[in-house]
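Peer 1: I'd like to ask some things about the structure below.
The values are calculated or read from the model by the stated rules, or taken from the named source; none is laboratory data. Keep in mind the model is a prediction, meaning the values are calculated, not measured. Cβ placement follows ideal geometry from the backbone for every residue including glycine, while neighbour counts extend to all protein chains displayed. We work out accessible area using only protein heavy atoms, side chains counted, and drop any ligands, DNA or RNA first. Shrake-Rupley method; radii C 1.70, N 1.55, O 1.52, S 1.80 Å.
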Amino acid sequence: RSIVYQQLSTKSAARIFGRLVEACGGEAKLNPGVLMGLDLENADGKKRLEIGLSRQKVKYLLSLAESFASGKLSDDGFRLLTDMEVMKQVTAIKGLGEWSVHMVRKLEP
């Protein structure tokens, strides 16, 4: 969510995020494997454009998805780490910065 919302109005970002969730089959199915299976990097860009994502945001989303799929990052792991440790892990991923970390921490249960 934080990647989609970067540098966009809340209204625009919410529409784009809604289309991304819909493309994944619903919020419950929004996970790294499904996201990586959407073929967002297709040469014609059709799916990416239908959703409303820029090429750069697709790269950032897929990089994040790959980090979760590989186990480099995990929701459970975040809960066990200090804010500084989360900051270090998340900001190591291209396209994610301090704002993203604050969003992750804010949305945690």
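Peer 1: Is the shape of region 40-109 rounded, prolate or oblate, going by the alpha carbon gyration tensor and its root eigenvalues a ≥ b ≥ c, with a/c under 1.5 for rounded and a/b larger than b/c for prolate?
Peer 2: Here region 40-109 falls in the prolate category.
Peer 1: Leaving out ligands and nucleic acids, note down the accessible area per residue over region 19-109 with a 1.4 angstrom probe, in whole Å².
Peer 2: So region 19-109 comes to 64 Å² accessible per residue, rounded to a whole number.
Peer 1: What is the dipole size for the chain, taken about its Cα centre, with +1 at each Lys and Arg Cβ and -1 at each Asp and Glu Cβ, in debye to the nearest 20? Walk me through the intermediate numbers first.
Peer 2: On the way: 17 positive and 13 negative charges, 72 e Å.
Value, rounded to 20: 340 debye.
Peer 1: On the Cα set of region 1-74, report Rg and Dmax in Å, please.
Peer 2: 11.7, 32
Peer 1: Just to confirm the number: angle between the C-alpha axis of helix 55-69 and the first principal axis of the chain, 0 to 90 degrees, nearest 10?
Peer 2: The angle comes out at about 50 degrees.
Peer 1: Kindly provide the trypsin sites (Lys or Arg not before Pro) of region 26-103 that DSSP labels as loop, not H, G, I, E or B, and whose Cβ sees at most 16 other Cβ atoms within 10 Å.
Peer 2: Taking region 26-103 and a limit of 16 other Cβ atoms within 10 Å, the loop trypsin sites (Lys or Arg not before Pro) found are Lys72, Lys94.
Peer 1: Follow-up. I'd like the orientation of helix 98-107 relative to the chain: the angle between its Cα long axis and the longest Cα principal axis, in ° from 0 to 90, rounded to 10.
Peer 2: 80 degrees
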